[in-house]
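J.: One structure is given below, represented as structure tokens, and several questions about it will come after.
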Amino acid sequence: MIDLSVAIIARDRASILPQCLNTARKLSDDVVIITNADHNFVNYSDQKAFATTRCKYDWILSLDSDEYLSPELIQEIKRLDFSYTAYSIPRLNYIFGKPIYHTNWEPSSDTHVWLYNKTKARWVGEVHEEVEVNGQIGKLRNYKIHRNYQSVEEFLIKMNGYTSLESNFINPAYDFLRRFVWHLGFLDGWHGLFLSYLMMIYHTTTWVKLWQKKNFS
């Protein structure tokens, strides 16, 4: 395995999961932590881009403070030949204390580039940040774990911030059906139903805020 840095962004140091640091240190001697408390970032994309500039090595593994690596992913990365410019990694979300395998939160749907060569990639996007890659992207099979929303209150607080930045409207009823029926959210039980419902509220709130901005700004 070649040398790589791990870039962690956090609200503050108290919010960092112990597993996040512990698993990061199993892959790198250069673990960079950038907190929003120390800097006034406009969005997550800016925060992650800044973290990249503080990393010692060209290869970067990006983690949020509420994420950590599965043992299988650690071993997979250690065996990589790094022949691609970047690699996408699936993410397993724990929401309200339960792993979600459907409802459009499943690892196959939540797969993004989180391992990349910083000389050929950059962070873009204001609301949902992504890595833009100049080159070929490989796919890793094993996932990182995301301790996502721990309560409905946390979901609603974050929703208010995200929906104020959204610029695209998705039909709320369509999104509910897409998640609960087509993405088999019913197999996640009550969690699938409530997540589908909460995301319907998310898109309804976005719709109202866009209407307000258009008509009263």
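J.: Return yes or no: is Phe82 over 24 Å from Arg141 (Cα atoms), among the aromatic types (Phe, Trp, Tyr) and assigned by TED's automatic domain parsing to the domain that holds Val131?
T.: So Phe82 does not fit the description; no.
J.: Quick one: count up the residues across region 12-48 that are surrounded by 14 or more Cβ atoms within 10 Å (Cβ to Cβ) and closer than 20 Å to Val127 by Cα.
T.: Count: 10.
J.: What number of residues within region 109-123 are more than 13 Å from the chain's Cα centre (by Cα) and not aromatic (Phe, Trp, Tyr)?
T.: 6
J.: Checking the conditions here, which among Asn215, Asn134, Asn168, Asn142 is within 23 Å of Thr52 (Cα to Cα) and of a type outside the set (A, V, I, L, M, F, W, C)?
T.: Asn134
J.: Here are some residues: Tyr94, Tyr116, Tyr149. Which one is farther than 23 Å from Asn43 by Cα and among the aromatic types (Phe, Trp, Tyr)?
T.: Within the list Tyr94, Tyr116, Tyr149, the selection yields Tyr94.
J.: In region 155-170, how many are among the charged types (D, E, K, R) and either in the same structural domain as Ile16 (by TED's automatic domain parsing) or not in a helix (DSSP H, G or I) (or both)?
T.: Total meeting the criteria: 1.
J.: Also: Please indicate, with yes or no, whether at least one residue in region 96-118 is crowded, with 16+ Cβ neighbours inside 10 Å and of a type in the set (Lys, Arg).
T.: Looking through region 96-118, at least one residue is crowded, with 16+ Cβ neighbours inside 10 Å and of a type in the set (Lys, Arg).
J.: Can you find even one residue in region 198-215 that is over 25 Å from Ile9 (Cα atoms), assigned to a helix (DSSP H, G or I) and aromatic (Phe, Trp, Tyr)?
T.: Yes, some residue in region 198-215 is over 25 Å from Ile9 (Cα atoms), assigned to a helix (DSSP H, G or I) and aromatic (Phe, Trp, Tyr).
J.: Which pairs do you get when a residue that is closer than 22 Å to Tyr143 by Cβ, found in region 20-44, comes within reach of a residue that is part of a strand (DSSP E or B) and polar (S, T, N, Q), reach meaning Cβ atoms under 6 angstrom, with the pair 6+ apart or on two chains?
T.: From region 20-44, the pairs are Ser28/Ser5.
J.: On to the next question. Can we say Arg141 is modelled with pLDDT of 95 or more and in contact with a strand residue (DSSP E or B) (Cβ under 9 Å, 6 or more places away or on another chain)?
T.: So Arg141 passes the test.
J.: A further question follows. Please give the number of the condition Gly135 fails out of (1) at pLDDT below 95; (2) in contact with a Ser or Thr (Cβ under 8 Å, 6 or more places away or on another chain); (3) assigned by TED's automatic domain parsing to the domain that holds Ala49.
T.: Result: Gly135 passes all but (1).
J.: Look through region 201-217, keep the residues that are out of contact with any helix residue (DSSP H, G or I) (no Cβ under 8 Å at 6 or more places or on another chain) and not charged (D, E, K, R), and return whichever of them is surrounded by the most Cβ atoms within 10 Å (Cβ to Cβ).
T.: Leu210
J.: Of the numbered conditions (1) out of contact with any Lys or Arg (no Cβ under 9 Å at 6 or more places or on another chain); (2) crowded, with 17+ Cβ neighbours inside 10 Å; (3) under 30 Å from Phe82 (Cα atoms), Glu130 fails exactly one; give the number of that condition.
T.: (2)
J.: For Tyr68, are the conditions met, namely being in the same structural domain as Val31 (by TED's automatic domain parsing), closer than 28 Å to Phe155 by Cα and surrounded by 17 or more Cβ atoms within 10 Å (Cβ to Cβ)?
T.: yes
The values are calculated or read from the model by the stated rules, or taken from the named source; none is laboratory data. Not measured: the values here are computed from a predicted model. Reconstructed Cβ throughout: ideal geometry from the backbone, glycine too, with neighbour counts over all protein chains shown.
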